[in-house]
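Structure, as structure tokens:
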Amino acid sequence: MNPKLPINCPSCENALSVSQLTCSNCHTSVSGNYALPLLLQIPEEEQNFILQFFLSSGSLKEMAVQMGKSYPTVRNKLDDIIEKINQLKNQNK
């Protein structure tokens, strides 16, 4: 099992940022203070929903069948994720 990437500080709940990236091949490191990519700032469940949406070629109807949920339920979930991403996008400006 891969550890989950934390997106919030376990102490104060503020957003975490990336401070170092390392090449697994040559071990070169790059340091700085970088924001997490927008899609990594949402919970894993919502990331998985977006991935499933992409893999089903954007068909909410197909997703509803795969998930065993109604089309309106799946549509509402997508709308909620879109709203959350728009809020994050506005915060990151």
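Derivation of every value follows stated rules applied to the coordinates shown; laboratory data play no part. Please read all numbers here as calculations on a predicted model, not as lab measurements. Every residue, glycine as well, gets a Cβ built from its backbone with ideal geometry; the counts of neighbours run over all protein chains shown.
Take the alpha-carbon positions of the chain, form their convex hull, and give its projected area averaged over all directions (one quarter of the hull surface) in nm².
The orientation-averaged projected area of the Cα hull of the chain comes to 8.6 nm².
Could you give the radius of gyration (one decimal) and Dmax (whole number) of the Cα atoms in segment 37-91, in Å?
Computed over the Cα atoms of segment 37-91, radius of gyration and Dmax are 11.4, 35 Å.
Restricting to DSSP loop positions (anything but H, G, I, E, B) with no more than 12 other Cβ atoms inside 10 Å of their own Cβ, which trypsin sites (Lys or Arg not before Pro) remain in segment 36-85?
In loop regions of segment 36-85 (DSSP not H, G, I, E or B), there are no sparsely surrounded trypsin sites (Lys or Arg not before Pro).
Do any of Lys69/Lys93; Lys61/Lys84; Lys4/Lys77 go past 26 Å between their Cα atoms, and which?
Violating the 26 Å Cα-Cα cut-off are Lys69/Lys93.
Using θ = phi - 60° and the Karplus curve 6.51 cos²θ - 1.76 cosθ + 1.60, what whole-Hz ³J(HN,Hα) does each residue of segment 69-79 get, with Gly and Pro shown as x?
Result, rounded to whole Hz: 10, 6, 4, x, 5, 5, 4, 4, 4, 4, 4.
Highest GNM mean-square fluctuation, the chain, Cα pairs closer than 10 Å: which of Ser56, Ser19, Ser31?
Looking only at Ser56, Ser19, Ser31, the largest GNM fluctuation is found for Ser31.
To test your reading of the geometry: what angle, between 0 and 90 degrees and rounded to tens, separates the Cα axis of helix 44-55 from the longest principal axis of the chain?
Orientation of helix 44-55: about 60 degrees from the principal axis.
First measure r as the distance between the Cβ atoms of Gln20 and Asn92, then evaluate 1/(1 + (r/R0)^6) with R0 = 30 Å and state the FRET efficiency to the nearest 0.05.
Given R0 = 30 Å and the Cβ-Cβ separation, E is 0.90.
Against the globular-protein guess of 2.2 N^0.38 Å, express the Cα radius of gyration of segment 4-55 as a ratio, rounded to two decimals.
Expressed relative to 2.2 N^0.38 Å, the Cα Rg reads 1.39.
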